[in-house]
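The values are calculated or read from the model by the stated rules, or taken from the named source; none is laboratory data. As the structure is a prediction and not an experimental result, all values here were calculated from the model. Glycine also receives a Cβ, built like all others from the backbone with ideal geometry; neighbour counts cover every protein chain displayed. Quick note on the areas: whole protein, heavy atoms, side chains included, nothing else; ligands and nucleic acids left out. Shrake-Rupley method; radii C 1.70, N 1.55, O 1.52, S 1.80 Å.
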Amino acid sequence: MNQAWKSFLIEQQTRINTETANIEKIDDLDKQTGQVCPVIDLAVLKVTGTDAGRFLQGQVTCNIDELTEQKCSFGAFCNVKGRVIANFLVFKSNDGFLLILPSELLDSIIEKLRKYILRADVQLIDSRDEYCLVGINKSSSNSFSPVPEHELHMLAEPFRLIKLPSSKSRYIAVESAEQAIELWSSLTQEQGYHASNPEQWRLFDIEDRIPWVDKETSEEFIPQMLNLDQLGGISFNKGCYTGQEIVARTHYLGKTKRMLFLAESAAAEVPPPKTAILDDSGQTIGKILRAQKERNTIKLLAVLPNCELDSENLMLDTTTKDKIRLITL
């Protein structure tokens, strides 16, 4: 994390555990107002060079050629078996491409991609200290503008903002520490936004079914199991990329047997990623991708069979066998 950004958050009455970089806001959150959150689970990878676009096109599930400086896309890096190593949100910048991806997977992704560069003019730059990520949940009562109008579109001025696919009005800003501090200060001091915590932003992502894999779930699921096709993160006509054969075969044969579901549980403890989900006979039928506590409830994303499920009899494979309930729109 950028040191100036971390210092600023400390000044904003935020406690930081320097070993885990976990940020916790002291004040309670008023959900009826707009919120601004530090996004610490994600970081930025910059890919530059004259061959950057062509290189990425051969490595990712989305169509890099369709990106513009206003249009972004979800996507994923897969292994040869079509399993997602890491997923991301990508957009063009002046000198290349910026990919927002899970921070804990950034080093491993750079290491893997370097093996494929060979003689291409491509630079992979760890930009977690250069760019800070600010999450914004805009309420109708908070007049924050200008903002991009369409999902997965970006507005570059006065702040670089991406509109996320959401039932709310959510945006993520990708800025230098100086600009991030200016944005945060403007929202909280001038426009009545509440400063919130990273846990709240994770909860928003879960509620909006935006999947993020971590070290535990990396190389566990194919992209369709994470609903990346529904988010526009898979191109089926762009040509070859690592893992493309498996991903395309699953699509064209109609064999997406599992997909991502939103669920909740009254469990006392937040279940870790890859916790098994059992049916009423005790058989494992799925796994948790991500979970986050919200007051007395736990919201979670789970990969489950793409069929009619007995939602009343699903449970976590824990010592307490806590029930989970699927949430449908």
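What the table shows:
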read-out	value
Top of 101, 253, 113 by mean-square fluctuation, Gaussian network on the chain, Cα under 10 Å	253
Of 114, 160, 295, the one that fluctuates the most in a GNM where the chain has Cα springs shorter than 10 Å	295
Under 16 Å between alpha carbons - lysine pairs in the stretch 233-312 that sit 8 or more apart or on different chains	4
About the Cα centre, charge dipole magnitude for the stretch 149-203 (Lys/Arg +1, Asp/Glu -1 at Cβ), debye	280 debye
Solvent exposure of the stretch 200-246 as accessible area per residue, Å², 1.4 Å probe	36 Å²
Listed pairs 46/92; 81/115; 71/163; 71/215 exceeding 20 Å between Cα atoms	71/215
Mean Cα-pair separation over length for the stretch 171-329, i.e. relative contact order, pairs under 8 Å, 6 or more apart, %	22 percent
Given charges at beta-carbon only (K, R positive; D, E negative), |dipole| of the chain in Debye	860 debye
For the stretch 264-319, size of Cβ-based charge dipole, Lys and Arg +1, Asp and Glu -1, in debye	420 debye
Of [x] 46, 24, 19; [y] 34, 22, 19; [z] 29, 28, 17, the label for semi-axes √(5λ) of the Cα gyration tensor in Å derived from the coordinates	[z]
Probe 1.4 Å, protein heavy atoms only - accessible area per residue of the stretch 281-329 in square angstrom	57 Å²
Partner aspartates and glutamates for residue 323 [C-alpha distance under 13 Å; skip if fewer than 8 residues away on the same chain]	264, 269, 279, 280, 310, 312
Rel. contact order, % - alpha carbon contacts under 8 angstrom, at least six apart, the stretch 90-180	23 percent
Average Cα contact separation per residue, the chain, under 8 Å, 6 or more apart, as relative contact order %	19 percent
Surrounding net charge for residue 80, when Lys and Arg each add one and Asp and Glu each subtract one, Cβ distance under 12 Å	+1
Percent carbon-and-sulfur accessible area, the chain, ignoring ligands, DNA and RNA, probe 1.4 Å	45 percent
Distant-in-sequence amide H partners of residue 258 (H built 1.01 Å from N, under 5 Å)	306
